[in-house]
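Each reported figure results from applying straightforward, stated rules to the coordinates on display, with no laboratory input. Since the structure is predicted, the reported quantities are computational estimates derived from the model, not experimental observations. Ideal geometry is used to build each Cβ from the backbone, glycine not excepted, and the neighbour counts take in all protein chains shown.
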Amino acid sequence: MKYERRILVLSFMTGFVGSAVALAFLWTSDFTLHTCVTLTLVLLVLWLGFAAALKARVVFPLRTLSNMLGALREGDYSMQVRGACSDDALGEVIWEVNALTELLREQRLGALEATALLRKVMAEIDLALFGFDSDDRLRLFNDSARRLLGRSDRQLNGRHASELGLAECLEGPTPRVVDLAFPGGLGRWQLRRGTYREGGVLRRLVFLSDLTRTLHEEERLAWKRLVQILRHEISNSLAPIQSVAESLRTLSSRHPRPGDWEEDLSNGLAIIADRSEALHRFIESYSKLTHLPPPRLVEVRVRDLIHRVVDLENRLPVQIAQGGDVVVQADQDQLEQLLINVLANAVEASLEGSDGGGVQIHWRTDEERLRIWIEDDGPGLAEAGHVFVPFYTTKPAGSGIGLVLSRQIAEVHGGSLTLENREDAPGCQACLTLPLTRDS
């Protein structure tokens with residue numbers, strides 16, 4: 001039996017006993033037949049009327065709430081039910097439904113605004129974005145991706161990654177740099193991947209960032225810096241060679257020659273040989289800087305490595321703050337050379353200090369990374385921005401490649417090397433960061 005019919009039956013039942021007693025009393029009394037019929041009709045009409053009114057009173061608010069919930073299901077949050085009050089059960093239900101409607105309206109507005117912002121960002125960023133389902137079919141893409149592939153929305157949606165030349169992007173490690181050719185452009189791209197969910201189904205995202213313009217600009221700047229360095233170093237060597245050669249030419253053309261001409265000739269040739277040797281050392285240093293071999297990774301125990309490097313330094317005592325027993329995957333020879341270079345710089349800086357200074361080295365692990373600090377008490381860095389510029393040095397006999405080579409070693413190991421002035425004391429602090437492999 002339907003709910004509304006049950007309400008109507010219960011309404012009739014509530015008045016049945018009273019109406020039956022009243023009718024029995026009426027028809028057993030001494031009233032005339034006309035009076036009995038009239039009162040019976042009035043009683044029945046009132047009974048049925050109140051029963052129908054009770055049913056309507058119960059059913060109408062429920063129908064109103066049903067219509068409102070239907071509107072919410074359809075995404076219409078503009079409706080509100082009147083009659084909410086806090087002192088009866090139906091009023092509390094109405095109040096809660098109104099509050100739910102307002103909350104959903106605010107959430108929908110926020111979602112629409114967030115979606116609009118996301119679409120705007122996706123349309124404006126210079127980054128090609130692709131979303132693939134579990135069958136490697138394209139389901140999501142932005143304007144940059146559309147321009148890159150040179151196809152319309154209808155031609156892209158649902159296409160397999162292999163048809164679009166993107167199958168390679170779904171395999172292999174990321175982030176990485178790949179060389180790809182598309183109808184809308186070719187060159188070098190940085191590839192990244194991620195995931196998202198749509199309808200509860202996990203899907204994959206592919207991001208392609210064009211590195212060609214950036215790499216060309218970096219290449220141009222690198223060539224500019226290299227030419228400046230080569231010009232500076234070669235000019236420094238050629239200028240005295242040219243001057244001495246001109247003096248020797250003049251000396252050889254004089255008749256008669258002075259008495260000490262042989263000594264002048266010997267000194268001039270010595271200067272030419274010395275400057276030629278310096279130029280040869282410069283070229284050899286540059287060759288060493290640009291031909292760093294790939295690392296041969298083995299397990300390296302950090303504590304033993306640091307103690308071994310410190311034992312090689314005898315100009316100044318080096319304090320070691322013991323860290324944990326840590327093992328990293330690294331090229332032991334390259335990592336040792338890195339620490340020797342950085343420690344040597346720290347010791348030389350400390351020796352330049354007013355009181356002889358000191359050097360401290362300590363290490364710790366932090367979020368799957370190993371960090372090694374080497375601190376000195378020297379005068380600090382005057383030009384921190386030039387520390388890792390090739391062949392830049394403030395030392396009279398320095399080559400200017402030690403720190404540059406050390407940073408290259410750190411980077412080929414997936415780490416980094418920084419050098420900056422200390423904040424809590426005079427001197428510098430070098431920080432070497434490497435991926436961590438814990439000893440089992």
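Give me, ordered by chain and number, the residues 5 or more places off Leu180 or on other chains with an amide H under 5 Å from its own placed amide H.
Gly187, Trp189
Taking neighbour counts of Cβ atoms within 10 Å as a proxy for exposure, in what order, fewest first, do Lys224, Lys2, Lys55 appear?
Ascending Cβ contact count within 10 Å gives the list Lys2, Lys224, Lys55.
In whole Hz, with x marking every Gly and Pro, tabulate ³J(HN,Hα) for the stretch 298-308 from phi via Karplus 6.51 cos²θ - 1.76 cosθ + 1.60, θ = phi - 60°.
Going residue by residue, I get 9, 6, 10, 7, 4, 4, 5, 4, 5, 4, 5 Hz, with x marking Gly and Pro.
FRET efficiency for Leu46 and Arg154, Cβ-Cβ distance as r, R0 = 60 Å, nearest 0.05?
0.30
Return the FRET efficiency for the residue pair Phe25, Ala53: r is the Cβ-Cβ distance, R0 is 30 Å, and the value is rounded to the nearest 0.05.
Working from the Cβ atoms, E equals 0.75.
Residue separation times 0.36 nm, minus the C-alpha to C-alpha distance between Thr64 and Arg192: what's the value?
Computed gain between Thr64 and Arg192 is 40.9 nm.
Amide H to amide H under 5 Å from Gly323: which residues, 5+ apart in sequence or cross-chain, H placed 1.01 Å off N in plane?
Trp363
Going through the stretch 153-194, which GluC sites (Glu not before Pro) have at most 14 other Cβ atoms within 10 Å and a DSSP loop state?
Passing sites in the stretch 153-194 are Glu171.
Most exposed first by the Cβ proxy, i.e. fewest other Cβ within 10 Å, how do Ser247, Ser235 rank?
Ser235, Ser247
Kindly write out, for the stretch 14-19 in residue order, the coupling ³J(HN,Hα) from the Karplus curve 6.51 cos²θ - 1.76 cosθ + 1.60 (θ = phi - 60°), rounded to whole Hz, with x marking Gly and Pro.
5, x, 5, 5, x, 5
Output wanted: per-residue J couplings in Hz (rounded whole) for the stretch 409-417, from phi through Karplus 6.51 cos²θ - 1.76 cosθ + 1.60, θ = phi - 60°, x for Gly and Pro.
Per-residue couplings from phi come out as 4, 4, 6, 6, 8, x, x, 8, 9 Hz.
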